[in-house]
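A quick write-up on the structure given underneath.
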Amino acid sequence: MTGMFRLLVKLYSVLLNLYPTSFRKEFDAQMLLDFSDMAIDAKSKGWFPFFLFCTRELVDFPVNLLKVYLEEGLVFRVLRSQPVNYGLRSAMVFGMAFGLAGLISQWVVLQLVIPDNSIFGWIQVAYFDLFQTEHGFDFINWLPSALGSILTGIVIGTAFAFLFADRTKWAGYILTAMLCWFLHQEIFGIWFYATNLPFYLGTKHFIVLSYASSILSGAFLGLIFYVSKSENRISLRLLSIGGITYPLVAYIYMKLLLKFLIIETPWMFNALMILLVVYIGSVILIAVISNSIRRVPWLVIFGAVLPLLLPRISYWSSYLVSLLIGPINFPYELPLDSPEYWPLMFRIAIDNAIYGLLLGLIIGVMFGLLPKGRLPQVTTV
Amino acid sequence: MIYGDKMKNLNQPLSEQTYYILLSLQSEPKHGYAIAKDVHAISKGRVTLSVSTLYTTLKRLLDDGWIRLLDEVSQGPGKPRKIYEITKKGGNVLVAEIQRLDTLVSAARLRRVEGIS
């Protein structure tokens with residue numbers, strides 16, 4: 001048997017693990033033997049029969065798997081299993097929370113920022129009257145985005161606390177989730193408000209920096225698990241201080257780079273990467289302080305994978321929705337009494353809810369996979 | 001005589017896979033791979049069973065008591081192969097299915113449908 005055959009048979013033996021235990025006990029050795037023989041037989045007839053054989057096995061496998069589960073009544077048992085149960089509940093609550101959070105964020109932008117006599121317009125005028133300078137305007141321009149992230153964070157934190165905490169710990173859960181959500185959204189965002197980042201970095205460096213910032217974003221999301229569950233209050237205090245210092249340092253750092261003209265390739269990229277690495281290190285440090293040293297690698301993996309994965313799944317889900325109910329046209333100036341206002345809000349809520357469903361599903365399944373003794377309390381929805 | 005659920009089984013048309021597997025085991029007991037090869041041969045290449053379809057069907061036939069495990073034989077190194085044989089109940093189901101199909105074809109012949117000799 002060649003290396004490829006061995007790999008194919010190994011892959012099939014892994015897939016067989018998906019069958020219920022009773023079925024595996026009776027048939028998996030036979031199935032593996034037959035699969036191996038059939039593969040050799042198909043290959044001896046040429047590449048095309050071998051391709052047909054592989055395709056047939058691939059297509060038939062999930063169908064028959066489902067049949068076995070249905071016939072044994074195991075579908076309902078799977079639905080009642082801990083990870084699936086947690087995942088579905090969490091997906092439902094997070095879906096609703098994200099839908100609501102999307103509405104809040106858009107309301108902030110449409111009502112408080114865009115109109116001519118908006119609050120943030122007034123703040124800019126007052127700032128200029130007071131200091132007679134436009135330095136710092138970009139920081140003020142960033143504030144609506146920050147406010148939107150804070151409000152969104154509160155909604156998500158409430159969902160998180162509602163699902164996974166008893167009432168005595170709600171405040172800590174909400175604060176933790178709010179801070180982590182805010183930081184995961186805004187650290188990279190503040191650089192955009194401070195300068196035209198893609199212009200200075202160039203495409204390649206910008207993409208690498210975006211990926212690195214995704215890892216930081218994911219690490220912050222992962223940190224919600226550690227800080228909220230930790231009995232050590234120092235980690236929450238550090239995170240609270242970080243809520244101010246992370247964006248502030250990021251802003252000042254960028255301003256210093258511009259002031260000292262560290263803008264040429266690759267120096268600006270190197271400087272920003274150094275800050276991102278320091279930030280990721282500090283997130284890991286907070287996780288360690290939360291007494292979760294053994295699970296820190298999971299935090300990094302979570303950080304590396306989730307932010308890269310979710311937006312893509314979410315994009316395709318939203319694309320499917322747009323095919324069903326039409327594409328979204330985002331008007332920047334839309335009065336509250338416009339007939340298009342609420343359909344637009346509804347659409348934004350759906351897009352956000354899809355993202356929330358996926359994130360909630362992953363978070364719930366992760367909690368559900370914890371051993372029973374370490375399970376957080378789950379509120380029945 | 002066949003009563004109750006057995007009668008129900010007899011009255012229901014068999015799937016093509018089930019029919020050919022029972023037909024294959026009617027001639028002699030076989031292991032899974034031999035059944036798959038035989039089904040391919042007797043259906044003149046029209047039905048090719050994947051491993052998962054074969055064993056999902058075999059499990060259902062075992063549960064229904066239409067076939068049973070006869071023996072486990074070693075053919076060289078490695079794990080022994082399980083040999084299955086058709087039961088009396090399975091034989092009855094197969095005969096009933098053949099009669100049903102025969103009735104259908106006979107009806108077509110009576111009407112002299114074009115292309116049926």
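The values are calculated or read from the model by the stated rules, or taken from the named source; none is laboratory data. These numbers come from a predicted model, not from an experiment. Backbone-built Cβ (ideal geometry, glycine too); neighbour counts: all protein chains shown. Accessible surface areas use protein heavy atoms only, side chains included; no ligands, DNA or RNA. Shrake-Rupley method; radii C 1.70, N 1.55, O 1.52, S 1.80 Å.
For region A:223-287, the per residue solvent-accessible surface stands at 51 Å², with DNA, RNA and ligands left out and a 1.4 Å probe.
For peptide A:33-46, the mean count of partner chain Cβ atoms within 10 Å of a residue's Cβ comes to 4. Peptides A:165-172, B:88-95, A:125-132, A:90-97 ranked from most to least packed by the mean count of surrounding Cβ atoms within 10 Å: A:90-97, B:88-95, A:165-172, A:125-132.
Here A:PHE260 and A:ALA126 are evaluated by their C-beta separation; at R0 = 30 Å the FRET efficiency comes out at 0.50.
For the residue pairs B:LYS44/B:LYS88; B:LYS30/B:LYS88; A:LYS67/B:LYS82; A:LYS10/B:LYS82; B:LYS30/B:LYS79; A:LYS45/B:LYS37, alpha carbon separations beyond 18 Å are given by B:LYS44/B:LYS88; A:LYS67/B:LYS82; A:LYS10/B:LYS82. For B:ARG81, the residues 5 or more places off, or on other chains, whose built amide H falls under 5 Å of its own are B:VAL73, B:SER74, B:GLN75.
Put the Cα centre of region B:78-117 next to the Cα centre of region A:199-267 and the gap is 71 Å. Packing around the peptides A:57-63, A:209-215, taken as the average count of other Cβ atoms within 10 Å per residue, puts them in this order, highest first: A:209-215, A:57-63. Relative protection proxy for B:25-33, B:100-108, A:28-36, from highest mean packing down: A:28-36, B:25-33, B:100-108 (other beta-carbon atoms within 10 angstrom). For the segment A:61-71, counting C-beta atoms of other chains within 10 Å of every residue's C-beta and taking the mean gives 3. Taking every residue in B:91-99 and counting other chain Cβ atoms within 10 Å of its Cβ, the average works out to 0.
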